[in-house]
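Here you go, one structure.
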Amino acid sequence: MKRSLTMTAALAAAALALAGCGGSGGGSAASGESGDDGDVTTLTVWHGFTGSDGPALQQVIDDFNASQDEIKVEAEVYPWDSLYQKFLTSVTSDSSPDIVAMSTSNLAQYAAKDVLSPTTDFYADTTYMDTAPLASGAISASEYDGVNYGIPLNIGPIMLYWNKDLFEAAGLDPDQPPTTWDEFAEDAKKLTIDENSDGKPEQYAISIGETNTVPIYPALFAQNGGGVVSADGKTSELDSEATLEAADFWMDMVVNDHITPTGMTGEDADQLFSSGKAAMEMNGPWLTTGLTDAGLNFGVTVPFRASEDADLSVMTDAVSWTVPKTTSEKEKAAAYAFFAYWNSVEGQTTWANGSGFPPVRSDIPESDLTNEYTKTFGSSEVLDAITMYMTGVPANQEINNDIFTPALQNATSGSGDVDQLFTEASAQIQSKLDESE
């Protein structure tokens, strides 16, 4: 392997900058110490990219390792839920990784537990890289209490997928998916097929997961100006007029028109759509590779708006690279070098073309992006309309999993009045938000 002079300079500058910062300095048992004799610094990375986007991430790691001979990044892959549980245990032992990929919706709770190292210094100057081309939304998504705890790994706008063959079979234009809620409601009548009227359609208009999934229903509420928690993370919005109006609209179609099965996980929803038993699904760019490999005739576009005059709202999932507090100063400097490579033009081009995710930097020529879905998910129309789900809220998972989701599932199953369910849940959410103040 050839040593990069740029990388060497960046490492030296990073080490000097970090030497003046406080920290544990202990490192992790899984990491090698670089020392003065030129030994390689080995960094252990944990991530949850177990799907078709995993090879693209590994390719960037491999390219980074081949670009210089001072740092070696080794990845360990876990399902996301297992990763978060394992990480919290690891930081109290000698088995902590040096870098953790973390959803920005989960990041605040770990920052609040004081187990993550601040990364504000990465953005302070151009010691590591010029961060100006990076998407501001991806940067701010990893902030908690005014401090940044992450470096952008990806942004994943939740877009509308539709099965062109099912649209055509229903007598609809296969190249014209619905653009508003009213258009969706009309199309849903033709796309939901219940041959024996038993309330269990053979084909559904849309496939919506409720648990272990990206926030689809919150994305729908946001299209109407509603949500679960306010953007500043201080106020519950589940009982707002905009949210209740949106919830009433969608629950009516779910309960009475059976547009989607209820009680599904995100994986269930993906399977239903990919098997051709649902005409639409809302999901992120990670789904494109699998659907393409499966030969599904599908399209991807921006989500339908609440109405023709409503602003476009695109709920966006994001993942950041984070550094545990147990990572030593020297290893943190090496991690910063890796983050700089990941977010370089070369790194982001490889990642985008291999995964279908849009690059997190804005200066990559469109001609270099060979994956058509990268362009779709990364269009200026989409990136200008992104909304993050409960970032910066330490109680995010408790609110989402223990309060909002049970209320939602009672609503989708027709087990109670939507307004009452959401109003009661909103009071619980507000209490949880007030506790964290």
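The values are calculated or read from the model by the stated rules, or taken from the named source; none is laboratory data. Just so it is clear, the structure is predicted and the values come from calculations on it, not from any experiment. With ideal geometry, Cβ positions are generated from the backbone for all residues, glycine too; neighbour counts draw on all protein chains shown.
Suppose we filter Phe338, Phe273, Phe298, Phe304 for residues that are modelled with pLDDT of 95 or more and in the same structural domain as Asp175 (by TED's automatic domain parsing); which single one remains?
Residue meeting the stated conditions: Phe273.
Separate question: With within 20 Å of the chain's Cα centre (by Cα) and closer than 16 Å to Asp130 by Cα as the only criterion, which of Val360, Val345 stands out?
Val360
Can you say whether Lys375 is buried (at least 20 other Cβ atoms within 10 Å of the Cβ) and closer than 30 Å to Val45 by Cα, as far as the supplied structure shows?
No.
Tally time: how many residues in region 111-143 are aromatic (Phe, Trp, Tyr) and modelled with pLDDT of 95 or more?
The qualifying residues number 2.
Of all residues in region 75-103 being acidic (Asp, Glu) and not in a loop (DSSP other than H, G, I, E, B), which is farthest from Gly137 (Cα to Cα)?
Glu76
Which of the residues that make up region 373-400 are more than 26 Å from Ala108 (Cβ to Cβ) and in contact with a helix residue (DSSP H, G or I) (Cβ under 9 Å, 6 or more places away or on another chain)?
Across region 373-400, the qualifying residues are Tyr373, Thr374, Lys375, Thr376.
Going through region 40-61 one residue at a time, which ones are touching a strand residue (DSSP E or B) at 6+ places or on another chain (Cβ under 7 Å), part of a helix (DSSP H, G or I) and crowded, with 20+ Cβ neighbours inside 10 Å?
Selection gives Leu57, Ile61.
Hey, another quick one. Can you name the residue in region 75-99 that is under 18 Å from Pro152 (Cα atoms) and hydrophobic (A, V, I, L, M, F, W, C) and, of all such residues, is farthest from the chain's Cα centre (by Cα)?
Here the residue is Ala75.
Search region 120-138 for residues being touching a helix residue (DSSP H, G or I) at 6+ places or on another chain (Cβ under 8 Å) and not acidic (Asp, Glu), and hand back the single one that is surrounded by the most Cβ atoms within 10 Å (Cβ to Cβ).
Phe122
For Asn106, only one of the following conditions fails: (1) part of a loop (DSSP other than H, G, I, E, B); (2) surrounded by fewer than 24 Cβ atoms within 10 Å (Cβ to Cβ). What is its number?
With (1) part of a loop (DSSP other than H, G, I, E, B); (2) surrounded by fewer than 24 Cβ atoms within 10 Å (Cβ to Cβ) applied to Asn106, the lone miss is (1).
Name every residue in region 166-219 that is surrounded by fewer than 18 Cβ atoms within 10 Å (Cβ to Cβ), under 28 Å from the mean Cα position of the chain (by Cα) and assigned to a loop (DSSP other than H, G, I, E, B), in order of residue number.
Listed by number, the residues that qualify are Asp175, Gln176, Thr179, Asn212.
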